[in-house]
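Colleague: Below are the structure tokens for one structure; questions will follow.
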Amino acid sequence: MAEHHTSRRAFLIGGAASLGAAAAGVAAGTLLTTAVSPETVSDAEPDTQTTVPFYGIHQPGIAEPPPAQAAFLGFDLAPGTSRTAVAEVMKKWTSLSAALAMGDTSADESLVSVGTAPGRFTMTVGISGPGLDALGADRPAQLVDHPVFPGDQIDERMSFGHMFVQLCSADRVYLAGAVRAVRQSAAAALTPRWQFSGFRNADADSASRNGRNLMGQIDGTNNIAASRATEGGAVWVKDAGPRWLVGGSYVAIRRFRMLLGAWEDTPRGTQDLTIGRHLDSGAPIGSRHEQDPVDLDATDASGAPLIPLDAHIRLAAPRRGAGEEMLRRSYSYSTGQFDSAMGDEDAGLIFVSYQSDPTSSFIPVQQRLADSDALNRFVIATSSSLFAVFPGVQDSDDWYGRELLS
């Protein structure tokens, strides 16, 4: 396959600008561009509602189409914090989340802007293995300490922690107020550890197409489907785990810094081979359309694999029958800062995946990618965390983690 050399300037003007309505530099998935069977792809119609139901067997913010803006927060338990103190915070967070989901800002008018719409606001809450340890609670076997993978350059100040909160909304102002309200209502027992802000294309939760990440890739192809009406499967914990986690999930969150200058100076043909897809169409190499099946056995005229052995989509593809499927829900990020030492801006992707068992899905897939993914030349993992996500709040008498903390 002939390669075209693409300068950084040509890429920015021609490649990134050609994203059109998808808007260059925004994500609608993750670095994991998996090659799962077509029947697992969600075909849900775009939802134009401005609110997301709060109560249910699963928390919101997982199965719904992700809106354009997100914030991810990690907290530590203050030394000596009791289960009772954490339970009080969970009750406050439950009330806050239920109100903000419906656009009710009356309890926090000084924080959440009055008159702004919730923009499909969701709040999702979880706890880590070390968090359970600190409370003297038993860990589920699946909630292992997050491994450090080859090539990781993890900043511990921006990783791990005891409690996790994901906040999503199409309205950035509404989201900013919600972040402050969450922090303020937790101050008696939790201390902020890290915070990330992420973004997607403006019509992220209503467009039928996948968007692009900061490398210009169509991101989110062949993601699995999930529903808050179902139980078990690849996303929801059902049988394997303690009672307090039934209806919950596990979330892995990793922040990857993209070496955008190096990527933009790489010939387009090499970019395609690195991912295993054509950058312009998103189609697997040798195919024409984004949703065409990925044929990992296809060879060229010389007998070499058409999709290279170290291509991202080959290594990210879940092995059949191994339980490696996961729901990807990632966001692009930019700190808005230019790093003079790196000679580029600090920007990349916040990888987020939800799964019923990270030890059989996220961890083995990420291990393969860390070992030999061609994309590793262009990304650096700087943050990693793993949390158990509480089940949904069933009614007005319920609250986050009640089964665990009562």
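Colleague: PRE reach from Q153 (point 7 Å along Cα→Cβ): which of segment 376-399 fall under 17 Å by backbone N?
Modeller: The answer is 376-384, whose backbone nitrogens lie closer than 17 Å to the label point.
Colleague: Also, quick follow-up: Could you work out how much longer the chain between S206 and A188 gets when fully extended? Use 0.36 nm per residue separation minus the Cα distance between them, nm to one decimal.
Modeller: Values: separation 18, 0.36 × 18 = 6.48 nm, distance 3.82 nm.
Taking 0.36 nm per residue and subtracting the Cα distance, the gain is 2.7 nm.
Colleague: For D371 and A107 in the same chain, what is the full-extension length gain: residue separation times 0.36 nm, less their Cα-Cα distance, in nm?
Modeller: Gain on extension, D371 to A107, equals 90.1 nm.
Colleague: A follow-up question, please. Which order do peptides 251-260, 393-402, 361-370 fall in by mean Cβ count within 10 Å, highest first?
Modeller: Descending mean neighbour count gives 251-260, 361-370, 393-402.
Colleague: At what distance in nm do the modelled label points of T84 and T50 sit from each other, each positioned 7 Å from its Cα along Cα→Cβ?
Modeller: About 4.2 nm, to one decimal.
Colleague: Order by neighbour count: K91, K238, fewest other Cβ atoms within 10 Å first, most last.
Modeller: Details: K91 17, K238 14.
Least to most surrounded, the residues fall as K238, K91.
Colleague: Which whole-number percentage describes the relative contact order of the chain, with Cα contacts under 8 Å and a sequence gap of 6 or more?
Modeller: Over the chain, the number comes to 30 percent.
Colleague: Okay, moving on. Placing +1 at every Lys and Arg Cβ and -1 at every Asp and Glu Cβ, with all other atoms neutral, what dipole size does segment 8-405 have around its Cα centre, in debye to the nearest 20?
Modeller: On the way: 32 positive and 45 negative charges, 93 e Å.
For segment 8-405, the charge dipole is close to 440 debye.
Colleague: Residue by residue through segment 144-151, what is 3J(HN,Hα) from phi via Karplus (6.51 cos²θ - 1.76 cosθ + 1.60, θ = phi - 60°)? Round to whole Hz and write x for glycine and proline.
Modeller: Residue by residue, segment 144-151 yields 7, 5, 4, x, 9, 8, x, x Hz.
Colleague: While we're on this one: I'd like the distance separating the alpha-carbon centroids of segment 179-220 and segment 331-399, in whole Å.
Modeller: 12
Colleague: Once both axes come from the Cα atoms, what is the angle between helix 362-372 and the longest principal axis of the chain, in degrees from 0 to 90, rounded to 10?
Modeller: 30
Colleague: For R193, what residues show an amide H to amide H distance below 5 Å, using hydrogens built from the backbone and excluding near sequence neighbours?
Modeller: G74, F75, D76
Colleague: Figure the gain on full extension for I57 and D339 (residue separation times 0.36 nm, minus the Cα-Cα span) and round it to one decimal in nm.
Modeller: Full-extension gain reported as 97.1 nm.
A short reminder: the numbers here are calculations on the coordinates, not readings from a lab. These figures come from a predicted structure and were not determined experimentally. All Cβ positions, glycine included, derive from the backbone under ideal geometry; neighbour counts span all protein chains shown.
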